[in-house]
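Visitor: Okay, handing you the structure first.
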Amino acid sequence: MKASRRPLLTAGLALAAATALALTGCSGGSSSAQNGSSKPSGNATKGSISFWAGPSMVGGQDMNKILITEFQKENPGITVKYIPAPQDTDTNRATLTTQISGGGGPDVYLGDVVWPAQFASHQLALPISQYLPKSYWDTFANGLVAGATYNGKVYAAPFFEDQGFLYYRTDILKEDNLTVPTTWEQLVSDAKIAQSKKQVQYGYVFQGANYEGATCDFMEFLTDAGGKVLSSDGKKSALDSPAAVKALTFEQSLVKQGIAPAAVSTYQETQSMNAFQDGDSLFLRNWDYAYASANGQGSKVAGKVGVAPLPTFQGESGSGYSNIGGWDLYVNPHSKNVAADLTFVKFMTGDTAQKIIATQFSEIPTNQAVRTSADVKASNAVLAIVPQTQLVARPSNSPQYPEVSQAIYQAVNGVLAGSQSPSDAIKSASSQINTAVSNGGL
Amino acid sequence: MVTAGTVPRRGRASRTSSHDARGALPPRRNAYQQSMARLGWGFSAPALVVIAAVTIFPIVFSVVMSFSNVNVLGSGFSIDGFTLSNYTTVFQASVWQYALAFTVGYTVVTVTLEIVIGTLIALVLERLEAFRGWMMAILLIPWSLITVISATLWGYIYDPTYGIADRIFGALGMGSPVILGTPTSAIIAMIVADVWKTTPFVTIIVLAGLVMLPRDVYEAAEVDGASGWKTFWTVTLPLLRPTIALAVLFRILQAFGVFDLPFVLTQGGPRNATTSLAILGYRVMFTDLKFGPGAAVATTTAVLVVLGCLLFLRVFKSQVTETGDES
């Protein structure tokens, strides 16, 4: 037994060593010129490519399938194979990174708007600005391309944008002679009135669970209060500030005063949406899909829901800040037919596709011309108020963004769950962020 | 007639050879046996290669990664240099220290509860005259459910808005606690879900052990006038030791790697209250893409659980030999 085990072990070690050697080195992509001067591999009108995206269903129809059908009508030479991606963003990322670093993966994939820096620094996405001219990037609404840029190269084409909105019950505000709140303080007083009249159980529901969504919501409160997460060079935490403590204290006070349910520390989008749709809350913070959902089938408050920019703190000018979300189109560095990939990317960000996603699937288009066209605005109530909102991006220009976000959402979640005070939470989050951006720690 | 004649002879032959083996002589292998052994290895080689590819290689690869500077890149993993920095990073991180404490505590509490409750249920089942088969079948339902599914079901039960647990606490006048929203209650909720699911596993193993216990020892105890209580502590439990040890080992191995329950129920929260070593390793590797430190978390976890099991066996074995000396 002993004698026979040894060769096996040796073989195993040899195999491991060989593989480790094979996997070592061979990094580094060719440094290519910028702004569309490079020629992509493959044929722009022929071949077959795969597209990886989470299914996006409205009325039993998958947006991705409809867009692919349209694409193939215009480009009969290219076949697109649709691969439905996992709905959970982190599972989606884990699957993609293991596939791509293993040498495979889909040709074009739909990825979160906060991925570019991390994916760029790990070479999991192709810098497509080397193939596409400035005139192409100019078709997007302001600021969106910057969010997909890392070290001067653009790694993804913005596909649809998303942002936080305030949803409110039109019937209750009217009954109580209240106006749509423009400050957080007014939101609290409106909520108290409706709650005391037993019109609703809660005033405001939002996202406070231990996940990325809690970071998004906190970014809005933080920016309203005048704070920020990272220093301007992105190398240090700027979170430890009175503004951050004010923002988090306010979030905590919503729970403490009973404006928000204690369960908000377990709320993701779905739970807050359910509470609002069941008529339990006067206000809701959610992404743009919530308008169609709250006014659609299965909602007890259908027809009684309005949408507005988020409020800000008293004494601040303008509306409150909305966190930028949304999804971008990335090209896999292993793709054999980059030219066809780019044809697909251009179609998806062009007039036809962007109009479909805006009018049939109530997404916010990234294409500026589509976004401002009158017929699109008329068919999408959320879109009509987009120009009134102020946007703030998460500090995702750091390759260590996932850890920065973990520090933030854990702090928020800890405070909402009552296990930490706001000032302690901000202090420890800030030191966690400093460790993360210096690429240390776990 | 020919076959009838050969069968007993063969039987006798095998009996003698087994006698030889017992008689401290090294088993002699003739050329035929050796060539058969070689042939056997040859036939099982493809299977062994597959097993090596899917188990040994990833384990070795993970250990290699944990001692290297790893960067995941589009072109594959870039691995260079020998370093201990992954381990120092891991050991110094307060989130790892917490995850270790949580995982150890979680393992000790769940395994203890499951062994105690599982053994009690097994004792009842053994006495049960009727419906034993039915009871076993019902008991096995939680065990046969995939953990992700049972965790999702518990998620519905614990839901703060429409969960049944919330209604029960309300009916008992205990208000409306957010079960998964505070650290203590979230940890308790996870332990409950785990105990519910895995106690049947312990029950089945202990029951198998109980059924195989020799009857005469019990008769002797009865003749000596031992009470039921005394019989349990001095006869049943010592005889059950090896069975319970087996159940504990299986459970430690499984509980120490707990991933699916917190992944579904709490995502490791509130804050990081339910972040187990497995959840932490997954997050470090696949969200933060830090494969070196992630591999170090995985390797340390594996080493720790093996050490834990060895320690348990040592303590348990010494106790077994003690009782063996007594008898």
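The values are calculated or read from the model by the stated rules, or taken from the named source; none is laboratory data. Computed from a prediction, not measured in an experiment: that's the story for all the values here. Don't worry about glycine lacking a Cβ; one is built from the backbone with ideal geometry, like all the others, and counts go over all protein chains shown. Surface accessibility is based on the protein's heavy atoms, side chains included, excluding ligands, DNA and RNA. Shrake-Rupley method; radii C 1.70, N 1.55, O 1.52, S 1.80 Å.
Visitor: If you average 1/r across every pair of different Cα atoms in segment B:31-178 and take the reciprocal, what Kirkwood value do you get, in Å?
Guide: 22.2 Å
Visitor: Could you check which residue among A:Gln186, A:Gln201, A:Gln61 shows the biggest mean-square fluctuation in a GNM of chain A with a 10 Å Cα cutoff?
Guide: Sorting by GNM fluctuation, first place goes to A:Gln61.
Visitor: Please compute the per residue accessible area over chain A with all protein chains in place, 1.4 Å probe, rounded to a whole number of Å².
Guide: The answer is 39 Å² per residue.
Visitor: Sticking with this one: Keeping all protein chains in the complex and leaving out DNA, RNA and ligands, what accessible area do you get for B:Leu100 with a 1.4 Å probe, in Å² to the nearest 10?
Guide: 40 Å²
Visitor: Another question, if that's okay. My understanding is that a pair violates if its Cα-Cα distance is over 32 Å; which of A:Lys39/A:Lys81; A:Lys39/A:Lys235; A:Lys46/A:Lys355; A:Lys174/A:Lys427; A:Lys228/A:Lys336; A:Lys73/A:Lys300 do that in this structure?
Guide: Check vs 32 Å cut-off fails for A:Lys39/A:Lys235; A:Lys174/A:Lys427; A:Lys228/A:Lys336; A:Lys73/A:Lys300.
Visitor: Hey, what do the phi angles of segment B:138-149 turn into as Karplus ³J(HN,Hα) couplings, whole Hz, using 6.51/-1.76/1.60 and θ = phi - 60°, x for Gly and Pro?
Guide: Whole-Hz 3J(HN,Hα) from phi for segment B:138-149: 5, 4, 6, 4, x, 5, 7, 6, 5, 4, 4, 6.
Visitor: Now, a different point. For chain B, modelled as a Gaussian network with Cα springs under 10 Å, which listed residue fluctuates most, B:Ala298, B:Ala171, B:Ala37?
Guide: Comparing B:Ala298, B:Ala171, B:Ala37 in the GNM, the peak value goes to B:Ala37.
Visitor: Would you calculate a helix-derived [θ] at 222 nm for chain A, using -39,500 (n - 2.57) for each DSSP H run of n ≥ 4 and dividing by the full residue count, to the nearest 500?
Guide: -12500 deg cm²/dmol
Visitor: So how tilted is helix A:212-224 from the main axis of chain A? Cα-based, degrees 0 to 90, rounded to 10.
Guide: Approximately 60 degrees, to the nearest ten.
Visitor: For peptide A:265-272, compute the average count of partner chain beta-carbon atoms within 10 Å of each residue's beta-carbon.
Guide: Neighbouring Cβ atoms belonging to other protein chains average 4 per residue here.
Visitor: I want to verify a result. In a Gaussian network model of chain A, Cα cutoff 10 Å, which of these has the top mean-square fluctuation: A:Lys300, A:Lys174, A:Lys256?
Guide: Answer for the Gaussian network model of chain A: A:Lys174.
Visitor: Cβ under 11 Å from B:Val178's Cβ, B:Val178 left aside: what net charge do those residues give with Lys, Arg +1 and Asp, Glu -1?
Guide: Counting the neighbours of B:Val178, the net charge comes to -2.
Visitor: Once the principal axes of the Cα atoms of segment B:89-326 are found, what is the range along each, listed largest first in whole angstroms?
Guide: 65, 46, 28
Visitor: From the C-alpha coordinates alone, can you work out the Kirkwood hydrodynamic radius of segment A:337-442, in Å?
Guide: So the Kirkwood estimate lands at 17.3 Å.
Visitor: Taking the convex hull of the alpha carbon atoms in the protein assembly as shown, what volume per residue do you get, in Å³?
Guide: Dividing the Cα hull volume of the protein assembly as shown by its residue count gives 246 Å³.
Visitor: How well do other chains shield peptide B:267-277, expressed as the mean number of their Cβ atoms within 10 Å of each residue Cβ?
Guide: Whole-number average of other-chain Cβ neighbours for B:267-277 is 6.
Visitor: Tally up the carbon and sulfur contribution to the accessible surface of the protein assembly as shown as a whole percent, 1.4 Å probe, everything protein left in place.
Guide: So the carbon and sulfur contribution to the accessible surface is 62 percent.
Visitor: Something else now. What list of ³J(HN,Hα) couplings, whole Hz, do you get for segment B:225-238 from phi and the Karplus terms 6.51, -1.76, 1.60, once you set θ to phi - 60° and write x for glycine and proline?
Guide: Here the 3J(HN,Hα) series is x, 6, 6, x, 4, 5, 4, 4, 6, 9, 10, 4, 4, x Hz.
Visitor: Roughly how big is the B-A contact, given as buried accessible area in Å² (both sides, 1.4 Å probe, nearest 100)?
Guide: That pair hides around 3900 Å² of surface in total.
Visitor: So, for segment B:89-326, what is the accessible surface per residue at a probe of 1.4 Å, expressed in square angstrom?
Guide: With the other protein chains kept in place, segment B:89-326 gives 50 Å² per residue.
Visitor: Using helices alone, what [θ] at 222 nm do you get for chain B, with -39,500 (n - 2.57) per DSSP H run of 4 or more residues, divided over all residues and rounded to the nearest 500?
Guide: -24000 deg cm²/dmol
Visitor: Another question, then. In sequence order, what are the phi-derived ³J(HN,Hα) couplings for segment B:45-56 according to the Karplus relation 6.51 cos²θ - 1.76 cosθ + 1.60 with θ = phi - 60°, rounded to whole Hz, with x for glycine and proline?
Guide: Those phi angles translate into 3, x, 5, 5, 5, 4, 4, 4, 5, 8, 10, 5 Hz.
Visitor: Quick one: how many Å² of A:Glu74 are accessible to a 1.4 Å probe, rounded to 10?
Guide: Spelled out: A:Glu74, probe radius 1.4 Å, area about 100 Å².
Visitor: What's the Cα-based Rg to Rh of chain A, Rh via Kirkwood?
Guide: 1.01
Visitor: Per residue of A:393-403, count partner chain C-beta atoms within 10 Å of its C-beta, then hand back the mean as an integer.
Guide: Average neighbour count from other chains, rounded to a whole number: 2.
Visitor: Using only the alpha-carbon atoms, what does segment B:82-134 span along each of its principal axes? Please give whole angstrom values in decreasing order.
Guide: The principal-axis extents, from largest down, are 62, 21, 13 Å.
Visitor: Also, quick follow-up: Would you check the accessible area of B:Met136, probe 1.4 Å, heavy atoms only, in square angstrom rounded to 10?
Guide: Here the residue's solvent-accessible area equals roughly 50 Å².
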